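Just below is one structure, and these are the notes that go with it.
The values are calculated or read from the model by the stated rules, or taken from the named source; none is laboratory data. Note that this is a predicted model, so its numbers are computed, not measured. Backbone-built Cβ (ideal geometry, glycine too); neighbour counts: all protein chains shown. Please note that ligands, DNA and RNA were not included when accessible areas were found on the heavy atoms of the full protein model with its side chains. Shrake-Rupley method; radii C 1.70, N 1.55, O 1.52, S 1.80 Å.
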Amino acid sequence: MLKSKHEKILKLTSATEGRLYPGYVLEKLYYTGSYPKLTPYIDELFNLAHGSIDLGYKPESILYWLRICVDSEKVTKQEMPKIIKLGKIAQQKNLKPEFIYYELWGFTNLSYLTEQHISSIVQIMEHTMTTNLEAYDVFHWLRVNLEIHFYSNKEITQLLTDLLNKIKGGKKPIDYLVEMQEKHFQKNPTDIQKIASSIESTHIVGRSYRSKL
């Protein structure tokens, strides 16, 4: 996959020399690009790496978390162009791009979400960034409300559809998410610990495990 990419390899090495470890960056490039879902996008991987360098971020981090999040069976080959696009948009908006992929990985870990749910979340992530919403808030409160919907046997597809429509329509999506969880916890205060523990095990414990790989 890299036989015809000598110039790109040298350019990336040159860009990392002096302040990063070129060999480590190239190792992550190979690790990411050799994954079947990502091999067709090898040129895009070089671009994502350079984009992170230009912003002062670690190129190996965006490559690593991109590789980790698309490892899920819930991320289909058809979704790959959209997922690559997420990293590009994050860089354009000067958001930390590995954060976006880390968050997507966390959503794929939720056992009750399907391929279609993940596809909807990818759209939510894209429009959150392009409409200049606070991405950290949207993803956090979405995560909380997904857990609430799951434990309450509420319709998750409708939640994602409503949220996407509010984002597109500029109808205060963060307020919508916050108000929804506040109403739930007012009626069900004992659910707070259960929801918090579930989020911790999915995003914090899971991240610690991945860091050892």
* Charge dipole magnitude, Cβ of K and R +1, D and E -1 - the chain, Cα centre, debye nearest 20 -> 320 debye
* **Computed Rg/Rh of region 19-115, alpha carbon atoms with Kirkwood Rh** => 0.95
* Going by alpha carbons, how many degrees (0 to 90, nearest 10) lie between the helix axis of 156-169 and the longest principal axis of the chain? -> 70 degrees
* To do: Among the listed pairs LYS77/LYS172; LYS28/LYS171; LYS37/LYS194; LYS58/LYS85; LYS58/LYS194, give every one whose C-alpha distance is greater than 28 Å.
  => LYS77/LYS172; LYS28/LYS171; LYS37/LYS194; LYS58/LYS194
* Among the aspartates and glutamates, select those whose C-alpha is under 12 Å from the C-alpha of LYS166, and discard any that sit fewer than 8 residues away in the same chain. => ASP175
* region 1-123: relative contact order as a whole-number percent, Cα under 8 Å and 6+ apart -> 22 percent
* Structure fact -> The extension gain from THR13 to GLU134, computed as 0.36 nm times the residue separation minus the Cα-Cα distance, is 40.2 nm
* To do: Please work out the average accessible area per residue across region 1-146, using the 1.4 Å probe convention, and give it in Å².
  => 46 Å²
* Structure fact -> In the list (1) 187; (2) 125; (3) 117, the entry giving volume of the Cα convex hull per residue in Å³ computed from the coordinates is (3)
* Asked: If you take the charge dipole of region 1-63 about its Cα centre, with +1 on Lys and Arg Cβ and -1 on Asp and Glu Cβ, which of SER34, ILE62, HIS6 is farthest toward its positive end?
  -> SER34
* To do: Starting from the Cα-Cα distance between LYS77 and ASN188, subtract it from 0.36 nm times their residue separation and give me the gain in nm to one decimal.
  => 36.0 nm
* Structure fact -> Honestly region 102-213 on the Cα gyration tensor test (a ≥ b ≥ c root eigenvalues; a/c under 1.5 rounded, otherwise a/b vs b/c for prolate or oblate) is just oblate
* Structure fact -> Straight-line reach check, LYS154, cutoff 19 Å on alpha carbons, 8 or more apart in-chain or any other chain, hits among aspartates and glutamates -> GLU115, ASP162, GLU179, GLU182, ASP191
* To do: With an 8 Å cut-off on Cα pairs and a minimum separation of 6 or more residues, tell me the relative contact order of region 1-71 in percent.
  => 31 percent
